[in-house]
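Please treat every number below as a calculation from the coordinates, not as lab data. Just so we're clear, the structure is a prediction, and the values are computed from it rather than from any experiment. So basically every Cβ, Gly included, is an ideal-geometry build from the backbone, and we count neighbours across all protein chains shown.
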C-alpha cells in the first residue's frame, strides 16, 4: 500500500493500525481534482460541499478586502486538509486558492463522518492536527503584530521546513519553496499594497528550494539567534531580501545560491 502524506503526518501524533491506514488510503484516493497555479479552489461566500485534502502541490487560505488588498492567512502543503469542521459553515468566510499546480482529493461529509466513527485513533490524530494548526496560526498572528521582517521570514521558513519534513518532502536539509516573493509578503507582512497575483509586472513563478543549516539551533521559537538557511532564489527575490533583511555572511556562492542568516 502506498504511504500517503496524510498518513505519514498523522502517525506523528498516534500509532495507526493497519485498518486505520487502509481507511485513510481509501479517503486519500477519493475523487480527485486538479487546479493550476493561482487558480481559485473555493471562494469566500461559496458553500463548502466537501473536505479538500492536498495530495500534491501548495495552496493558501486568504482574505480579500474591498479595495483589492489581500492577506494570506495560512499555507497548505501535501497532506493538509482544509478544515475538518468545514461543514459547520453555511458559507465560506475566506477563500482557498492554489499557489502551485495542485491535486486535491474531495472527501464527502458522509465518508468523513464514517471514517471518524469507525476509527477513533484517526479521530484522535486529526484533533492533534487541529491543535497544531491552531498553534501555527497563533505564531502567524504574533509575527504580523510584533515580529520584525527578519523574524517573520525566519519563522515562516522554519515552520515550512518542519511541516514538509513531517510528510517526507525534505531532502537532507533542503525543502521546496514554490512561493513568489509577493506571496511571502502577503503572508507575513501587515500591509502589502494592492497588486494581486498574476498582475502585470509580477515575477514569473520559479520553483526553488531552501536549505536549512543547523536545524537544532533554530528549532525553538527563539528566533533572536537567527535562522540559517541556504536559498536558491530567483533574482526577483534577491533584490527584495537584500533591501529588506540585513544579511549576515550573505556571500554570493554560485549561480543564484546565497547563504544568509535572517
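With the Cα gyration tensor of the range 97-187 in hand, give its eigenvalues times 5 under a square root as the equivalent ellipsoid semi-axes, listed largest first in whole angstrom.
29, 17, 14
Normalised by the empirical 2.2 N^0.38 Å for globular proteins, what value does the Cα Rg of the range 30-164 take?
My calculation over the Cα atoms of the range 30-164 gives 1.09.
Treat the count of other C-beta atoms within 10 Å as a stand-in for reagent exposure and order 140, 58, 127 from fewest to most.
Going from least to most buried by this count: 127, 140, 58.
Quickly work out the residue 162-to-residue 64 label distance, labels modelled 7 Å from Cα along the C-beta direction, and quote it in nm with one decimal.
If labels sit at residue 64 and residue 162, their model points lie 3.3 nm apart.
I'd like to compare 157-163, 120-126, 168-174: which one has the highest average count of other Cβ atoms within 10 Å, and what's the full order after that?
Details: 157-163: 19.9, 120-126: 17.7, 168-174: 14.6.
Descending packing order for the listed peptides: 157-163, 120-126, 168-174.
What list do you get for 132, 102 if you sort them by fewest beta carbons within 10 Å? Please report the intermediate quantities before stating the final value.
Details: 132 15, 102 24.
Ranking 132, 102 by Cβ neighbours within 10 Å, fewest first, gives 132, 102.
Multiplying the sequence separation of residue 106 and residue 89 by 0.36 nm and subtracting their Cα-Cα distance, what value in nm do you get?
4.4 nm
Between residue 40 and residue 138, what is the label-point separation in nm under the 7 Å Cα-to-beta-carbon projection?
3.4
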